[in-house]
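The structure appears below as structure tokens.
The values are calculated or read from the model by the stated rules, or taken from the named source; none is laboratory data. Quick caveat, the model's predicted, so the values are computed rather than measured. Every residue, glycine among them, receives a Cβ derived from its backbone with ideal geometry; neighbour counts consider all protein chains shown.
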Amino acid sequence: MALTHPSGEYPVVVVGSGPGGLQVSYCLSRLGIEHAVLSADDAPGGMFRSLPIFGRLLSWSKPDAPFERGAREYEWFDHNSLLADDPELRGLVPAEMNRDFAVPSRPEMERGLAAFAERADVHVRYGCRWETTRRDEDGSLVLGTSEGEYRCRAAVFALGVTDPWKSDIPGVEDVPHYVETLEPRAYEGRRVLVIGKRNSGFEIADGLLPWARQVVLVSPRPVQTSVIALSSVRVRYMQPLEDAGLGGGTLALDAAIERVERTADGFRIHAHGTTRPGEVELEADAALAATGFATPIRDLGNLGVQTVAQGRIPALTPFWEAVGAPGVYFAGNATQGAPGLRRHGVGASSPAVHGFRYNARVLAEAIAERHFGVVPERATFAPGEVARFLAHELAHGPELWAQKAYLARVVALEEGGAGRDAGVQPLSHFVDAAGPDAVAATIEMNAAGSIYPVVYARRGGAVTEHVLEPEPQHAYHGPGYLAELEGLLRS
Amino acid sequence: MGNGADTETLGRLALFADLSRPQVEAIAHTFEEEMFPEGQRVLRQGFSGSNLYVILDGEAAVVIDGKERTRLGRGEFFGEASTLLGTAPTADVVATTALRCLVVPASELEGFLMAYPAVAIRMLKEAVRRLATTLQWL
């Protein structure tokens, strides 16, 4: 059998075999763009063999939903499966789920990804570790790997945000990271200090509640209960927060840690209160640093790749190209490095599969068009059909619902009210780029949790926004909305 | 995951000069950092739902109806008027170099200023200074 993707020259090289890498590869293949996929792992979805520590994802995949599995509209109800044109290849994660929970376990997720890779013919060279990167004089990128050199015009790094990261608190180096959390029974009878009050901190607190004598969570920022209430991560926070709120033993303290000290029996931390001033000193039998993760960008900084969040996340353009390094793209969780417009302070879903799978498809189209002049064939609309198409997308377009105020459906407007589908685009690109007359439709959500459609119209180069009313059943394809869209298209 | 900024960088800004280190650390952990390439619009004239931005590094131009009015640099902020009043910005703000900002979401600004009155006073003084400069032009 021929070797999968031997070293050499390819139009595009994709690094990574998690959901981001698999999705980009699938979409590039559909566009006819030849590429190699490299992975240091030996099978797809390697992260899910060890993380999340307590074994279950946070995002839903509903086996039963208002739309049939396999329909495009069903994607919004299944946040973990990858996208495919063939209905048979859709919804592969819920197909693995036993329905004990609405969110998949790690093995269910891993099996769903493996099924996708196999059935959608995504070929990966496994056991091939990317190690170095350089740019040649002709502008091409050269990736040095454990299996030889790969040369390409564009490289997509789908590396995850999976490198354990610790803040620079003196003494924190002695504290095991979240990924080093032991079996829960190892904490039986012990007082456990958790540094960090975000998802992974509360995941530990939740997992250790039946075991540890006491769990104490410490970080400078108070838990933002109003934000969590609207997000799927709330399941992890609920039990420990209730315990803390009722005085059940769990503590969630707002304090900046000055230093961590090892003692004969455990740890002592010295901290200063943030929401309540004053010194805080805590002793514990065990400690864990739930301080987050970084994207393993290795030597990409030498190519000009810049980062935010203290080096953890690459800074990206609206099309997920590294700021300062043309031709270097990111897919997967790291696409949060292009935060979009953050309208009303609400962020995108790019750190989760249901957000970044759409980023991956838009990215594949952008690479195909920019580097290879390949543009997918898309629908055209007779006068009168444009509003109907946009209304359907507003009601059921999974891209718009998953990536609110981040991705938009764009239709180019032509003479006499006709239109041409211009695909899904990053909203920030649409509002800032010059171009011919067009409309972009998206779903947005404000800080209070209200969900409503917004239409952006570009005429004569100027873009205006049109916020439509929310509707409790989200029936944005109804007659009232249709009339409003028709009016907008006429004006 | 929160993409917090660096405590040292924030601590050096005039806006946060009156805060204790733990307070600055809380801010660094609460709000996200964002980087804009040169030429990118950060604030958009006439678009609702914008946020407050504090410049950590780099420079930006304030542009009204296509005409540049002034430049902003490290430690300066923009978007406060539209955020506090809940209106659309009356200017574009465009990165003139690579620009690093701390982003305070509109929905959190009032709570933020009430939690740190010293920051509110600093912001008020700067707003008054800008108003005085504008009045001189009239």
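Here are A:P107, A:P87: which of them is touching a Gly at 6+ places or on another chain (Cβ under 6 Å) and surrounded by fewer than 16 Cβ atoms within 10 Å (Cβ to Cβ)?
Values: A:P107 fails: touching a Gly at 6+ places or on another chain (Cβ under 6 Å).
After ruling out the rest, the residue left standing is A:P87.
Hey, which of the strands (runs of 3 or more DSSP E) in region A:258-337, taking only ones fully inside, have at least 3 residues that are surrounded by 16 or more Cβ atoms within 10 Å (Cβ to Cβ) and within 11 Å of chain B (Cβ to nearest Cβ)? Walk me through it before giving the result.
Working: elements: A:267-273, A:279-284, A:286-289, A:328-330.
Those strands (runs of 3 or more DSSP E) span A:267-273.
Consider A:R151 against the criteria (1) in a helix (DSSP H, G or I); (2) surrounded by fewer than 23 Cβ atoms within 10 Å (Cβ to Cβ): it satisfies all of them except one. Which criterion is unmet?
(1)
Here's a check for you: in region A:378-411, which residue that is in a loop (DSSP other than H, G, I, E, B) and of a type in the set (K, R) is surrounded by the fewest Cβ atoms within 10 Å (Cβ to Cβ)?
Quick first cut of region A:378-411, residues in a loop (DSSP other than H, G, I, E, B) only: A:378-379, A:382-384, A:397, A:403-406.
In the following step, the residues that additionally are of a type in the set (K, R) were identified as A:378, A:404.
On the way: A:R378: 11, A:K404: 23.
Across region A:378-411, the extreme among qualifying residues is A:R378.
Checking the conditions here, which among B:G111, B:G86 is modelled with pLDDT under 95 and in contact with a helix residue (DSSP H, G or I) (Cβ under 9 Å, 6 or more places away or on another chain)? Talk me through it step by step, then tell me what you get.
Numbers: B:G111 fails: in contact with a helix residue (DSSP H, G or I) (Cβ under 9 Å, 6 or more places away or on another chain).
Just a single option satisfies the conditions, and that option is B:G86.
Any residue in region A:302-324 that is out of contact with any Asp or Glu (no Cβ under 8 Å at 6 or more places or on another chain), over 23 Å from B:G4 (Cα atoms) and at pLDDT 95 or above?
Looking through region A:302-324, at least one residue is out of contact with any Asp or Glu (no Cβ under 8 Å at 6 or more places or on another chain), over 23 Å from B:G4 (Cα atoms) and at pLDDT 95 or above.
Among B:E38, B:E68, B:E80, which is the only one that is surrounded by fewer than 18 Cβ atoms within 10 Å (Cβ to Cβ), more than 26 Å from A:S349 (Cβ to Cβ) and more than 10 Å from every other protein chain (Cβ to nearest Cβ)? I'd like the intermediate steps shown before the answer.
Numbers: B:E38 fails: more than 10 Å from every other protein chain (Cβ to nearest Cβ); B:E80 fails: surrounded by fewer than 18 Cβ atoms within 10 Å (Cβ to Cβ).
Checking each option against the conditions leaves just B:E68.
Take region A:335-366 and flag every residue that is farther than 19 Å from A:I313 by Cα and among the β-branched types (V, I, T).
A:V362, the sole residue that qualifies.
Go through region A:431-442 and count every residue that is within 14 Å of chain B (Cβ to nearest Cβ) and crowded, with 22+ Cβ neighbours inside 10 Å.
Quick first cut of region A:431-442, residues within 14 Å of chain B (Cβ to nearest Cβ) only: A:431-434, A:440, A:442.
Checking which are crowded, with 22+ Cβ neighbours inside 10 Å leaves us with A:440, A:442.
The number of residues fulfilling the criteria is 2.
Which pairs turn up if I take residues in region A:358-384 that are over 21 Å from A:L22 (Cα atoms) and look for partners that are of a type in the set (F, W, Y) and surrounded by 15 or more Cβ atoms within 10 Å (Cβ to Cβ) with beta carbon separation below 7 Å, at least 6 apart in sequence or on another chain?
A:F381/A:F389
Among the residues that make up region A:191-200, is at least one of them surrounded by 15 or more Cβ atoms within 10 Å (Cβ to Cβ), in contact (Cβ under 8 Å) with a residue 60 or more places away in the chain, within 24 Å of A:V12 (Cβ to Cβ) and of a type in the set (A, V, I, L, M)?
no
Scan A:S17, A:S25 and give me the residue that is crowded, with 18+ Cβ neighbours inside 10 Å, hydroxyl-bearing (S, T, Y), part of a loop (DSSP other than H, G, I, E, B) and in contact (Cβ under 8 Å) with a residue 24 or more places away in the chain. Show your work before the answer.
Working: A:S25 fails: part of a loop (DSSP other than H, G, I, E, B).
From the options A:S17, A:S25, the qualifying one is A:S17.
State which residue is surrounded by the most Cβ atoms within 10 Å (Cβ to Cβ) when the search covers only region A:212-249 and only residues that are within 26 Å of A:F101 (Cβ to Cβ) and modelled with pLDDT of 95 or more. Explain how you work it out, then say what you get.
Step one: list which residues in region A:212-249 are within 26 Å of A:F101 (Cβ to Cβ), which gives A:212, A:215, A:217, A:223-246, A:248.
Filter once more, so that each one left must be modelled with pLDDT of 95 or more: A:212, A:215, A:217.
Values: A:A212: 25, A:V215: 29, A:L217: 26.
Once the filter is applied, the top-ranked residue is A:V215.
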